[in-house]
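Read-outs: derived from the displayed coordinates by stated rules, not from any lab. Keep in mind that this is a model prediction, so the values were computed, not measured. No Cβ is skipped: glycine too gets one built from the backbone with ideal geometry, and neighbour counts run over all protein chains shown.
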Amino acid sequence: MGNMELGVVLGATCQLIYLSYIPVGGANIPDNHIAANLTTIILGTLPVSLDLVGKFLPVIILLSIFFMYLTKLERKISTGIMIRVPYEDIIIRKLIQKSFLIHLLIFLPSIYGVFFFMDFVKNDIISIEFYSGFNFFLFAIFFASGSLLMRFFKRGFGK
Amino acid sequence: MTRIKLLYYSFFVQTFWNYHTMASIGACYLLDKLLKSDEIPKSIRLRLIIFFNGHPYLVPYAISAVGKEIKDETNPEKINRFIDSVVGMLGAIGDQYYWNGVKPVFLLIPCLSVLIFQDVLLIYIIISISFVSYNFIQINERIKGIVLGSEFGFAVVSKIRLVKERWGYQYFAKISFLIILIFSIVAFIKYVESYPYIIFAILFIAWGLVSSRRGNSYKYLAFSFITYCIMEFIL
């Protein structure tokens, strides 16, 4: 990719935000993995700076929410199929194949679409002046830290 | 060889996850791979399809126990009752141990290393160790589930309960709390250059604390953004 360091800083920040979102139990959460990886690939050739990471954090948050809704859509399609199929006649193998097909049909075009769109608007995002990347980076880090501290304090200490 | 095959199929437990029957299809798929299709009584297969859920790393415990009991020709009614009772336990214990303990620790250690160390090579090594360790733990749990389930049958419940006695169940969350505390303090020292930054950093941590306390309320998130806008305006 050209710039592993950028990937590491971006990835670490996104993981911290992700952890402060992650619920303990089954629920839809923003898909930060795809969003952060896509952003790293797109920004791979640029030099790492906290300002650059901060400038793209709002974009990553929006993208991860977008992919969360795609996951929700996939699950809703699966639910729709499950409601219609009589349980006695289910062929598990076919449902598993269908699941992979649904996943590929939804996610592959979306990832490619987002990639080309992000690549197209990359320079516009970098040139944005109405917020400072470094300030947003600090905001994301400290807000996520505060949120996490309370979560572990509230429910995290053992039995 | 069969165990390796089962380990491979255990990664498909959450395939076709849906809001109606949850992880039932993945669990049934794992059971299909464990036994031949015609060996599984129809009532048990139907029970699994109707509803099944649980933490993906702990599901092999239950499914291989079901497989063992089917092989021993236990009454299907009893097996169905076992499935009913084990579903809640798999979720509660697994989520608390893995999602609230193991995962945060193994994510936060690399995050902290990025903030503390300058040496990129050292950071890569820490990330790699963390990645390998986490996956070792979860793969080990799956293998353990397959082995213990097929050995103990219904009695595997006591083995699932033993997860609560593990050192990590009690301490991983505490370690995570400490790492975040260190993370916040180091971030203060490293990035904060002047007192307005210190004030805003304290404010953001405070909003984060309150927001989480109230269950990630949108209201507190909105207040934080207002604080952020003020910061942009002042600095």
Within the range A:1-112, how many Lys pairs that are eight or more residues apart, or on different chains, come under 23 Å at the alpha-carbon? 4
Determine, for each peptide in B:98-108, B:42-52, the mean count of other beta carbons within 10 angstrom over its residues, then list the peptides with the highest first. B:98-108, B:42-52
Please compute the contact order of chain A in relative form: average sequence separation of alpha-carbon pairs under 8 Å and at least six residues apart, divided by the residue count, as a percent. 36 percent
Partner shielding of A:78-89, as the mean number of partner chain Cβ atoms within 10 Å, equals 4
Note: the range B:48-116 at 10 °C, 1.306 mPa s; Kirkwood Rh on alpha carbon pairs; Stokes-Einstein D in µm²/s works out to 114 µm²/s
Let me have the 222 nm mean residue ellipticity of chain B computed from DSSP H runs of 4+ only, each contributing -39500 (n - 2.57), with the sum over all residues rounded to the nearest 500. -24500 deg cm²/dmol
Which value, in debye to the nearest 20, describes the size of the charge dipole of chain B about its Cα centre when Lys and Arg Cβ atoms bear +1, Asp and Glu Cβ atoms bear -1, and nothing else is charged? 360 debye
Averaging sequence separations of C-alpha pairs under 8 Å and six or more residues apart, then dividing by the length of the range B:155-231, give the relative contact order as a whole percent. 18 percent
Across the residues of B:102-109, average count of Cβ atoms on other protein chains within 10 Å? 3
Cross-link reach list, aspartates and glutamates versus residue A:154, counting only Cα pairs under 18 Å and skipping chain neighbours closer than eight places: B:95
Just going by the charge dipole of chain A, with Lys and Arg at +1 and Asp and Glu at -1 on Cβ, which of A:60, A:90, A:108 is farthest out on the positive end? A:90
Cα-derived Rg over Rh, computed across chain A with Rh taken as Kirkwood radius: 1.06
Signed unit charges on C-beta, dipole axis of the protein assembly as shown, positive-most listed residue B:46, A:118, B:109: B:46
How many angstrom separate the Cα center of the range A:62-99 from the Cα center of the range A:102-159? 26 Å
Send over the semi-axes of chain B's equivalent ellipsoid, whole angstrom and largest first, taken as the square roots of 5 times the C-alpha gyration tensor eigenvalues. 45, 20, 14
About its Cα centre, the protein assembly as shown carries a charge dipole, from +1 on Lys and Arg Cβ atoms and -1 on Asp and Glu Cβ atoms, whose size in debye to the nearest 20 is 1180 debye
Averaged over residues of B:150-160, the number of beta carbons from other chains lying within 10 Å of each residue's Cβ is 0
Unit charges on C-beta of K, R, D, E only; dipole of the range A:31-159, Debye: 700 debye
List the relative contact order of chain B as a percent without decimals, with contacts defined as Cα pairs under 8 Å and 6+ residues apart. 20 percent
Could you tell me how far the Cα centroid of the range B:135-176 sits from the Cα centroid of the range B:41-77, in Å? 18 Å
Using the charge dipole of the protein assembly as shown (Lys, Arg: +1 at Cβ; Asp, Glu: -1 at Cβ; taken about the Cα centre), state which of B:65, B:234, A:21 has its Cα farthest towards the positive end. B:65
For residue B:19, what residues show an amide H to amide H distance below 5 Å, using hydrogens built from the backbone and excluding near sequence neighbours? A:79
